[in-house]
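Below: one structure, written as structure tokens.
Just so you know, all these numbers are worked out from the coordinates, no wet-lab data involved. Values in this document were obtained by computation on a predicted structure and should not be read as measured data.
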């Protein structure tokens, strides 16, 4: 003997299917991509160079010559004294000075010009770590979305079952 699904169960299956499609679209549209990490790498590099240039300007304004600054740097000295540095944001620098270049071209130019003046190692290490973790992050996001879908589906079924149980209790004759 086969048991047939009632109308509420069929409605639940349709709801679950629509919820699954919506969850899949939302998940795929918000999955982390490598381009986000590349953009972060670019902006961090622009910010680092901008800080370096702002510090040089601060030292030159304080009366140090370029030769003195270069000598200090060649001896392993650092420019950063820990005080806050006023400089433009990477977004505005990108829009103002590099609007006609691609992100890869900007990065190549920055590294070519400033690789001996600025240490990009921490930015590169963070980028490599993020790219190595990208696949795992995408799988984790997909798993979380699936678990959320399962929770919603079971919650709606449980709610429907509870409502049917209560209604059945009111319909019973004493």
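Structure summary
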read-out	value
Helical mean residue ellipticity (222 nm; -39500 (n - 2.57) per DSSP H run of 4+; nearest 500) of the chain	-26500 deg cm²/dmol
Highest-MSF residue in the chain out of 127, 144, 97 [GNM, Cα springs under 10 Å]	97
Degrees separating the helix 7-30 axis from the principal Cα axis of the chain, which is the longest one	10
The chain: angle of helix 121-171 to the longest principal axis, Cα-based, in degrees nearest 10	20
The chain: angle of helix 34-61 to the longest principal axis, Cα-based, in degrees nearest 10	30
Relative contact order [Cα under 8 Å, 6+ residues apart], the chain, whole percent	42
